[in-house]
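Novice: Next up is a structure, given as structure tokens.
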Amino acid sequence: MEKPIPLATMLPIVIVYLFSLHASCAAPTTESVHETFVDCLRNNIKTRSGGHGFEGRSYISDEPFIMLDMFNLRNITVDVQNEVAVVQAGATLGEVYYRIWEKSDVHGFPAGECHTVGVGGHFGGGGYGNMMRKYGLSIDHILDAKIVDVKSRILNKESMGEDLFWAIRGGGGLHLVISNVGERNKTVRAAVMTKFLGGTEELVSLLEKELPTLGLKKENCIEMSWIESAVWWDSFPNGAHPEALLGRKLNSAKFLKRKSDYVKTPISKDGLEWIWKKMIELRQTSMAFNPNDGRMNKISANATAFPHRQGNLFKIEYSVNWEEPGISAEKNFTIQIRRLHSYMTPFVSKNPRRAFLNYRDLDIGINHHDNNSSTKKGGFMVLSTSITTSTDW
Ligand SMILES: Cc1cc2nc3c(=O)[nH]c(=O)nc-3n(C[C@H](O)[C@H](O)[C@H](O)COP(=O)(O)OP(=O)(O)OC[C@H]3O[C@@H](n4cnc5c(N)ncnc54)[C@H](O)[C@@H]3O)c2cc1C
């Protein structure tokens, strides 16, 4: 029997919860907590918004640390008339979607599919979702942001300056999922899921022309409103009430590892056949392909700190989930995903090989925030307290 593993990672010495009482007093409350921010910034702190970073960097560390938890800074105000929302960093994506839906059933916002992901981390890295091809990333709709810097100044877009406003946006479609279904079948399973902003008839006739081999039929499609689609994509049962998006409990895998890649040239049929064989050998891994194109091609790579725009056909998310605790299970599954990532080298971007910042992957490298680190030296640690976004269309 495997021995219990000692806790290798440290938990915070102190967790600082920030409070905001009501949307109407969001501004004074924000001003009053900024001293706390700054005290924390002077120490080894980690900021947690939704706690969904794939490597847990917002709440674990090898060194003693203080955690600044944005959980209570989650006010959202939606001004439908002007199509603008003000969102605090501790809100979840589900809360953003729900609050928009409360005010309007024809407005929405382009962001990720999991309702428990936090706005703070998500927007920091770009924020993609199934409306990316039509509307781009979440950060493409950020009009303003309030942050606190290490000199305890509260800055907005104008006072932080162009460079910093650029950096906080990303310096942080069709969905094809391929997974192994086990050695016995000696096969992989591919599923195509897409959100089409239009009617079934239009979609079926479009795909009959453009992608006849897919064989899409009317009965494969479900027509729904935008908020219903947000609920459906998040794997709630069909017809679940949008209130489901307000829950903060994630019902998902116990252990996981994610990696990513960007693909710039089409992968040949032979290449794909080879990859499927390798996935069968590995047994447990999955890949999700998220196509770029559309609006993503129209935004320059320098417009925000998110660089993967024109010239990228699609992003790959490699995933492996497991339930068993213990070092041997962890080794087994992380080796599988690292091998798959390595097998994909000939097919993906090169010099440099690209990855998605929001899929944090410590295999790529780690910043050591010691006395020489850029974070302390430059005094450039930022923390958004509220973000103003356009709710769009
Ligand atoms: C189940 C699941 C589904 C996902 N789906 C998508 C998806 O559809 N699209 C997509 O783009 N991404 C997706 N992601 C990735 C997700 O966007 C990132 O992991 C994101 O960083 C999580 O943000 P968070 O606030 O929840 O996490 P946290 O762990 O709280 O934060 C992540 C990182 O951001 C920093 N940070 C958080 N808040 C702040 C703040 N206020 N100021 C400064 N730094 C801060 C943290 O210190 C940490 O380094 C998914 C992740 C999970 C676990």
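Novice: Looking only at residues that are of a type outside the set (A, V, I, L, M) and surrounded by fewer than 16 Cβ atoms within 10 Å (Cβ to Cβ) in segment 303-320, which one is farthest from residue 272 (Cα to Cα)?
Specialist: It comes out as 310.
Novice: So in segment 104-129, with the set limited to residues that are within 16 Å of the chain's Cα centre (by Cα) and more than 8 Å from the ligand (Cβ to nearest atom), which one is nearest to residue 248 (Cα to Cα)?
Specialist: Per the stated criteria, the residue is 115.
Novice: Evaluate the following for residue 235: is it polar (S, T, N, Q), surrounded by 15 or more Cβ atoms within 10 Å (Cβ to Cβ) and not in a strand (DSSP E or B)?
Specialist: No; evaluated as a whole, the condition is false for this residue.
Novice: Moving on. Are there strands (runs of 3 or more DSSP E) fully within segment 40-92 with at least 3 residues that are within 12 Å of the ligand (Cβ to nearest atom) and more than 30 Å from residue 108 (Cα to Cα)? List them.
Specialist: none
Novice: Being under 30 Å from residue 343 (Cβ atoms) and modelled with pLDDT of 90 or more, is that true of even one residue in segment 233-243?
Specialist: The answer is yes; a qualifying residue exists.
Novice: For segment 130-152, which residues satisfy the criterion of being surrounded by 21 or more Cβ atoms within 10 Å (Cβ to Cβ), over 17 Å from the mean Cα position of the chain (by Cα) and of a type in the set (Gly, Ala, Ser)?
Specialist: 145
Novice: Now for a different question. Which residues, counting only those in segment 216-263, are farther than 19 Å from residue 321 by Cα and of a type in the set (Asp, Glu)?
Specialist: Within segment 216-263, 219, 223, 228, 243 meet the criteria.
Novice: List every residue pair whose Cβ atoms sit under 8 Å apart, with the two residues 6 or more apart in sequence or on different chains, where the first one lies in segment 51-69 and is under 22 Å from residue 355 (Cα atoms) and the second, anywhere, is more than 10 Å from the ligand (Cβ to nearest atom).
Specialist: Listed by first residue and then by second, the contacts come to 54/257; 54/361; 55/361; 55/362; 56/9.
Novice: With the condition kept exactly as written, say whether any residue in segment 246-254 is within 16 Å of the ligand (Cβ to nearest atom) and surrounded by 17 or more Cβ atoms within 10 Å (Cβ to Cβ).
Specialist: no
Novice: State whether the residues of segment 258-273 include one that is of a type in the set (Phe, Trp, Tyr), within 16 Å of the ligand (Cβ to nearest atom) and within 30 Å of residue 161 (Cα to Cα).
Specialist: no
Novice: Could you check, for segment 285-302, whether at least one of its residues is touching a Pro at 6+ places or on another chain (Cβ under 7 Å) and either assigned by TED's automatic domain parsing to the domain that holds residue 321 or at pLDDT below 95 (or both)?
Specialist: Taking every residue of segment 285-302 in turn, at least one turns out to be touching a Pro at 6+ places or on another chain (Cβ under 7 Å) and either assigned by TED's automatic domain parsing to the domain that holds residue 321 or at pLDDT below 95 (or both).
Novice: Having 3 or more residues that are in contact with an Asp or Glu (Cβ under 8 Å, 6 or more places away or on another chain) is the bar; report the helices (runs of 4 or more DSSP H) wholly within segment 256-357 that clear it.
Specialist: Those helices (runs of 4 or more DSSP H) span 327-343.
The values are calculated or read from the model by the stated rules, or taken from the named source; none is laboratory data. For clarity, every value in this text was computed on a predicted model and none was experimentally measured. Virtual Cβ from ideal backbone geometry, glycine too; neighbours counted across all protein chains shown.
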